[in-house]
Amino acid sequence: MTKENFDFLIVGAGFSGSVCARQLAEANKKVLIIDKRDHIGGNAFDCVDTNGILIHPYGPHIFHTNSKKVFEYLSKFTDWRFYEHRVLAQVRGQLLPIPINRTTINKLYNKNLDEFGVEEFFANARKPISEIKTSEDVVLNSVGPELCDLFFRGYTRKQWALDLSELSAGVAARIPTRSNDDDRYFTDTFQFMPSQGYTKMFERMLDHNNIKIKLSKDYREITEDISYKQLIYTGPIDEYFEHSLGKLPYRSLRFEHEHLDVANFQNVGTVNYPNEHDFTRITEFKHLTGLSGKGTSIVREYPTDIGDPYYPIPRKENENLLREYKIMAENESNVHFVGRLAEYRYYNMDQVVGAALTATKKIIESDIK
Ligand code: FAD
Ligand code: UDP
């Protein structure tokens, strides 16, 4: 039997794999993209549930970026709907804005401070830390111990099964502190949702004569049946090396989806529960997608160690093991590791797109030389 020839085998049809596939196809390379799941889109996959509502089976995905380049690139495959995400946290029986802002402070402490008053409040509450190393340092340094315990410690313990002090600074640094009334979760220049959803955007990205898609198959089952010159791998880096140096830890989630016969369940896209329940947050999809009408669909996120690897865990000991895997990765010829799992980086979607564009540019340039 003659083997089908490809220039590239791409493992994983999420953001990283799909962007790589499209870029290489446009550079006239023949690509096979494979995913063990039965759909494209990776964790950003969306679909219509049995009640006709567009949902994100792997948890809420909100697109935001400061990169014009990334935004313009994705705009080739989708139109956009303007959406600014807002999140409330249930604390001491109230729903309060997170990131913590002026409203949060005034409502929590029954005050009427202006911006300067809130800045003064933070100056008195914060515990200055000269060398910020952990996520605890980040939060204590900006808002002090009480707000840290009310908004961050419990949520973090649930999400990561670790204390804030055991996580790198970058985790909590994702959440800013504000003295003004801005209650948006993100302040990026571009904040939009793909008008017809992420999956439609991925379909257009992968719709190219040089791209063949294979689903519901682990790549290891097909490598003998095809021939290819180079491999782009977007799965977990330690899995590629059969955990030969030990397992890199990932945090997973169990998603509990529910449909309710009410027009709306909550007033904002997401409500966080830092101190109550086993789940971290509830997201109502209608806010994200702009859908109106009868019925609504929500998802609760229960963090767990068992299940698909969703989050690399940013902490020192994991960085050390990652460094060793990276050395092995550099020694693999004609294999490129791209994406959140393959680079073991707590990347957002836009960062993954950026990483994939950079990686393919390098690959194409080195191919020309
Ligand atoms: P993935 O999407 O994980 O794709 C990797 C693919 O590789 C998977 O589909 C997997 O099945 C496949 N694969 C792995 N191993 C194999 C194998 N052996 N054979 C075949 N296929 C294989 N980012 C944002 O910007 N905004 C958000 O609001 C946001 N919300 C998030 C919410 C949650 C709950 C999670 C978990 C992530 C969120 N993200 C968000 C991050 C976003 O999901 C990622 O940045 C992005 O999806 C990563 O894309 P990727 O292609 O690198 O990885
Ligand atoms: N976080 C928290 N309380 C909150 C929101 C976030 O303690 O109300 C911390 C927590 O450690 C979380 C991290 O900040 O894992 C990053 O939050 P983000 O919303 O960015 O997480 P993601 O959407 O990636 O799950």
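The values are calculated or read from the model by the stated rules, or taken from the named source; none is laboratory data. For clarity, every value in this text was computed on a predicted model and none was experimentally measured. Methodologically, a virtual Cβ is constructed for each residue, glycine included, from the backbone with ideal geometry; neighbour enumeration extends over all protein chains shown. Quick note on the areas: whole protein, heavy atoms, side chains included, nothing else; ligands and nucleic acids left out. Shrake-Rupley method; radii C 1.70, N 1.55, O 1.52, S 1.80 Å.
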What size of dipole, in debye to the nearest 20, comes out for the chain about its Cα centre when the only charges are +1 on Lys and Arg C-beta atoms and -1 on Asp and Glu C-beta atoms? 480 debye
How much mean residue ellipticity at 222 nm does the chain get from its helices, if each DSSP H run of length 4 or more adds -39500 (n - 2.57) and you divide by all residues, to the nearest 500 deg cm²/dmol? -9000 deg cm²/dmol
Whole-Hz ³J(HN,Hα) for each residue in the range 237-252, computed from phi via Karplus 6.51 cos²θ - 1.76 cosθ + 1.60 with θ = phi - 60°, x for glycine and proline: what do you get? 4, 5, 5, 4, 8, 6, 6, 4, 9, x, 7, 7, x, 10, 9, 10
What residue among I327, I62, I105 has the largest mean-square fluctuation in a Gaussian network model of the chain, using Cα springs under 10 Å? I327
Would you mind working out the accessible area per residue for the chain, using a 1.4 Å probe, and quoting it in Å²? 47 Å²
Roughly to the nearest percent, how much of the accessible area of the range 54-143 is carbon and sulfur, given a 1.4 Å probe? 48 percent
Would you mind checking the tilt of helix 15-26 against the longest principal axis of the Cα atoms of the chain, expressed as 0 to 90 degrees and rounded to 10? 40 degrees
Rounded to the nearest angstrom and ordered from largest down, what semi-axes does the equivalent ellipsoid of the chain get from its C-alpha gyration tensor (root of 5λ)? 38, 24, 19
Residue among T358, T65, T234 with the largest mean-square fluctuation in a Gaussian network model of the chain, springs linking Cα atoms under 10 Å: T358
Measuring from the lowest to the highest alpha carbon on each principal axis, how far does the range 284-369 reach, largest first, in angstroms? 58, 36, 18
Running a GNM on the chain with Cα contacts under 10 Å, which residue among D183, D79, D261 ends up with the highest mean-square fluctuation? D261
Cα axis of helix 316-331 to longest principal axis of the chain: angle in degrees, 0 to 90, nearest 10? 20 degrees
Rounding to the nearest 20 debye, state how big the charge dipole of the range 1-111 is about its Cα centre with +1 on each Lys and Arg Cβ and -1 on each Asp and Glu Cβ. 600 debye
From the mean inverse distance of alpha carbon pairs (Kirkwood) and the Cα radius of gyration, derive Rg over Rh for the range 23-169. 1.08
